[in-house]
Amino acid sequence: QQQVRQSPQSLTVWEGETAILNCSYEDSTFNYFPWYQQFPGEGPALLISISSVSDKKEDGRFTIFFNKREKKLSLHITDSQPGDSATYFCAAFRGSALGRLHFGAGTQLIVIP
Amino acid sequence: DTTVKQNPRYKLARVGKPVNLICSQTMNHDTMYWYQKKPNQAPKLLLFYYDKILNREADTFEKFQSSRPNNSFCSLYIGSAGLEYSAMYLCASSRGKGQDTQYFGPGTRLLVL
């Protein structure tokens, strides 16, 4: 059973636009949500994360919006740059589980110059 | 240095033959993980070591073995490869357990013929 779902599977935006990547989860006990960014030929790397006690986390051009009631998150990338072209994975963690991150299938973002 | 290395980067194996993948990290991390990633699917946790203790996921318990001869190295062993094992195998490490950031290697792409 897929516990973390991401949409869209693929997203293309023009340089300078805001890209919005969506994530939802099923288990209400998840309490920490990291987003990982993966470039071709590399492994995923932590980009930004949020805990369930917050509804927003900002880091430069990257912002997570979190809706606990609806069990949804979104990653907003403002002023998208071609260098942002990558696959973005949403993940969820349950505080009681030792080290288990539940990943979504990812959104492939393409930013056209 | 937050590098996780994986060898080989590409592996071709025959059905029924064994496969051994290697991962190393020099960050003195306590935890090392192995994930399986197939196209358009989420990375799937196969197993992880916390220090010397191996934790294997229930649904892949019999399919994968692992060893961690020292803190820096971890292997993933497939005793008899099947076509369904063709995938990207990602190794990751983290300082401790729980919410600690996972650092990923570039992956080993395994093709079973």
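The values are calculated or read from the model by the stated rules, or taken from the named source; none is laboratory data. This is a predicted model, so every value here is computed, not measured. Cβ atoms come from the backbone with ideal geometry, glycine included; neighbour counts cover every protein chain shown. Keep in mind that these areas ignore ligands, DNA and RNA; they rest on the heavy atoms of the full protein, side chains included. Shrake-Rupley method; radii C 1.70, N 1.55, O 1.52, S 1.80 Å.
How many times 2.2 N^0.38 Å is the alpha carbon radius of gyration of the protein assembly as shown?
On the way: Rg = 17.6 Å, N = 226, 2.2 N^0.38 = 17.3 Å.
Relative to the 2.2 N^0.38 Å estimate, the protein assembly as shown comes out at 1.02.
Over segment B:4-95, what per residue volume does the convex hull of the Cα atoms give, in whole Å³? Write out the running numbers ahead of the final one.
Working: hull volume 8.7 nm³, N = 92.
Output value, Cα hull per residue: 95 Å³.
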Requested in this report: State in Å² the accessible area per residue of segment B:4-95; use a 1.4 Å probe, count heavy atoms of protein chains only, and round to the nearest integer.
Outcome: 51
**Report entry** Net charge of neighbours whose Cβ lies under 9 Å from the Cβ of B:TYR89, counting Lys and Arg as +1 and Asp and Glu as -1
**Finding:** +3
Requested in this report: Scan around A:SER49 for amide H atoms under 5 Å from its own, H built in the peptide plane at 1.01 Å from N, and keep only partners 5 or more places away or cross-chain.
Outcome: A:TRP35
Query raised in the report: Got the relative contact order for chain A handy, in percent, Cα pairs under 8 Å and 6 or more residues apart?
Result: 37
Query raised in the report: Under the definition of partner shielding as Cβ atoms of other protein chains within 10 Å of a residue Cβ, what is the mean value for peptide B:98-107?
Result: 6
Report task. For B:CYS23, tell me the accessible area in Å² from a 1.4 Å probe, rounded to the nearest 10. Result -> 0
**Report entry** Extent along principal axes [Cα atoms of segment A:4-106; Å; largest to smallest]
**Finding:** 40, 29, 22
Report summary line: Label model pair A:LYS71, A:ALA45: point-to-point distance (7 angstrom along the Cα→beta-carbon line) in nm is 3.3
Query raised in the report: Where the centre of each part is set by its Cα atoms, how far does segment A:53-113 sit from segment B:1-80, in angstrom?
Result: 25
Report task. Estimate the FRET efficiency between A:GLU58 and B:LYS5 by the formula 1/(1 + (r/R0)^6), using the beta-carbon distance for r and 41 Å for R0, to the nearest 0.05. Result -> 0.80
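Starting from 0.36 nm per residue, how many nanometres of slack lie between B:LEU111 and B:ALA58 once their C-alpha separation is accounted for?
Numbers: separation 53, 0.36 × 53 = 19.08 nm, distance 2.40 nm.
The span from B:LEU111 to B:ALA58 would gain 16.7 nm if fully extended.
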Report task. Step through the table entries A:LYS57/B:LYS37; A:LYS56/B:LYS52; B:LYS17/B:LYS37; B:LYS5/B:LYS97; A:LYS71/B:LYS52; A:LYS57/B:LYS38, compare each Cα-Cα distance with 26 Å, and write down the pairs that go over it. Result -> A:LYS57/B:LYS37; A:LYS56/B:LYS52; A:LYS71/B:LYS52; A:LYS57/B:LYS38
Query raised in the report: Distance in nm between label sites at A:ILE110 and B:PHE73, each 7 Å beyond Cα in the beta-carbon direction?
Result: 4.2
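Mind checking how much accessible area B and A bury in total, 1.4 Å probe, in Å² rounded to 100? Spell out each step's value before the answer.
Details: alone 6530 and 6210 Å², together 11060 Å².
Result for this pair: about 1700 Å² buried.
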